[in-house]
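*Asks:* Input: one structure, supplied below.
The values are calculated or read from the model by the stated rules, or taken from the named source; none is laboratory data. Note that the coordinates shown come from a computational prediction; the quantities given were computed from them, not determined experimentally. Positions of Cβ are backbone-derived with ideal geometry, glycine not excepted, and every protein chain shown enters the neighbour counts.
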Amino acid sequence: MKIPFLNFGATHQPMKAEMMNAFEKVYDSNWFVLGEQVKAFESNYAEFNQVKHTVAVSNGLDALHIALKTLNIGPGDEVIVPSNTFIATVLAVSYVGATPIFVEPNMNTYNIDPSKIEAAITPKTKAIMPVHLYGQACEMKEIMQIAEKYNLKVIEDNAQAQGATYQEKVTGSFGHINGTSFYPGKNLGALGDAGGITTDDSFLFDKAKVLSNYGTRVKYVNDEIGFNMRMDECQASFLNVKLNYLPTWIKQRQEIANWYNLHLSNIEGLILPIVADHATHTYHLYVVRTDKRDELIKHLTENEIGTLIHYPIPVHLQKAYSNLGFSKGDFPIAEEIADTCLSLPIWPGMNEEQVKFVAQKIKQFFQI
């Protein structure tokens, strides 16, 4: 049995007619940028994410970049970020000239550990950027309390967790202004690059909207030094279709994760995902850990099972951030996760027999 890491066909094929119809509407309208489809998606996604406003933009990194700019964060400022994250989180901080301050994750959830945040706060700290990694909600009540105590802004990186909740509140609705990604592999993925900004603050919404479109409210009248970071009509039309399916896809991912938990339980040397109290997990990724990670990858590859590592090199050890002066051992929890984590196949449409096959080959590796 061949099992790819990701299979778009299981979700795309059943909705093909709807997607083609959505494309035809854009094609026939002859309006391809900032039209009715973008407006509709901004309204639809705001409703889904339980916020007042969404700004549809070009990708998730641009969403975080603009979010930071709307808060006037720049050179001389510090932004607290998790040491365990995809590099885009940190790149956004660099783009505005601020300094990323790494805080270690909770080893159980892989998300930023709220108990470690206060020790990282200095007079230069302006914001906290929690990342809902792999699809699990961060412990946002605790993070928001710290932010309020120190008068800091919160920018959620919700790229991997649309629809997740903490204490029944949706991720991407806690922070002052937040960014998400609709990259094709995400739980809600476009057919190309796309992203979004969510906020309840009308002033921040207006500023983010202006910054994403050349700094203009009226064509050829520029109020800000803005960017060309707009979502195009085609991607918005595709996302309007897919958004209707997202709750079902999340339930399917959670069911697949439950199958994995069942069939991979009690394997010595294999650590399964742990969900924090009051949090939900949408399983953008199903991540296990083992000290024998590289050997397990080889074994699964030989059995035609796709896997990926998210992420093999922590940001503080990337060459791009060598200027920060960090060395191996400076953030040991992030480094241990990077050395031991492995993402197993998970996608809507995957069935229990496929999960059992993956589990069987993993058990075979551990000789169970």
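*Asks:* Filter the stretch 272-287 down to the residues that are touching a residue at least 60 places away in the same chain (Cβ under 8 Å) and not small (Gly, Ala, Ser) and list them by number.
*Replies:* Hits for the stretch 272-287 are Pro273, Ile274, Val275, His278, Thr280, His281, Thr282, Tyr283, His284, Leu285, Tyr286, Val287.
*Asks:* Can you report the number of residues in the stretch 307-319 which are part of a helix (DSSP H, G or I) and farther than 18 Å from Val131 by Cβ?
*Replies:* So the answer is 1.
*Asks:* In the list Glu168, Glu156, Glu142, which residue meets the criterion of being out of contact with any helix residue (DSSP H, G or I) (no Cβ under 6 Å at 6 or more places or on another chain), more than 27 Å from Gly226 (Cβ to Cβ) and in the same structural domain as Pro82 (by TED's automatic domain parsing)?
*Replies:* Being out of contact with any helix residue (DSSP H, G or I) (no Cβ under 6 Å at 6 or more places or on another chain), more than 27 Å from Gly226 (Cβ to Cβ) and in the same structural domain as Pro82 (by TED's automatic domain parsing) holds for just one of Glu168, Glu156, Glu142, which is Glu168.
*Asks:* Output the residue which, of all residues in the stretch 160-200 that are under 24 Å from Asn213 (Cα atoms), within 14 Å of the chain's Cα centre (by Cα) and of a type in the set (Val, Ile, Thr), is surrounded by the fewest Cβ atoms within 10 Å (Cβ to Cβ).
*Replies:* Thr180
*Asks:* For the stretch 206-229, does any single residue satisfy the condition of being closer than 27 Å to Met144 by Cα and of a type in the set (Gly, Ala, Ser)?
*Replies:* yes
*Asks:* Just need a number here: residues in the stretch 307-325 that are in contact (Cβ under 8 Å) with a residue 24 or more places away in the chain, surrounded by 15 or more Cβ atoms within 10 Å (Cβ to Cβ) and in contact with a helix residue (DSSP H, G or I) (Cβ under 8 Å, 6 or more places away or on another chain).
*Replies:* Looking only at that region, the number is 9.
*Asks:* Would you be able to tell me the number of residues in the stretch 1-58 that are assigned to a helix (DSSP H, G or I), touching a strand residue (DSSP E or B) at 6+ places or on another chain (Cβ under 7 Å) and under 13 Å from Glu233 (Cα atoms)?
*Replies:* Matching residues across the stretch 1-58 total 3.
*Asks:* While we're looking at this one, here's another question. Regarding Glu353, is this residue charged (D, E, K, R), modelled with pLDDT of 95 or more, touching a Gly at 6+ places or on another chain (Cβ under 8 Å) and in a helix (DSSP H, G or I)?
*Replies:* no
Condition check ((1) over 19 Å from Ser173 (Cα atoms); (2) in a helix (DSSP H, G or I); (3) in contact with a Pro (Cβ under 7 Å, 6 or more places away or on another chain)) across all residues:
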position: Ala63; (1), (2), (3): no, yes, no
position: Ala67; (1), (2), (3): no, yes, no
position: Ile73; (1), (2), (3): yes, no, no
position: Thr85; (1), (2), (3): yes, no, no
position: Val90; (1), (2), (3): yes, yes, yes
position: Asn108; (1), (2), (3): yes, no, no
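*Asks:* So Met1 fits all but one of (1) in the same structural domain as Leu211 (by TED's automatic domain parsing); (2) more than 24 Å from the chain's Cα centre (by Cα); what number is the exception?
*Replies:* Every listed condition holds for Met1 apart from (1).
*Asks:* Next question, about the same structure. Quick check on my filter: what residues within the stretch 114-143 are part of a strand (DSSP E or B) and not aliphatic (A, V, I, L, M)?
*Replies:* Scanning the stretch 114-143 gives Thr125, Lys126, Gln136.
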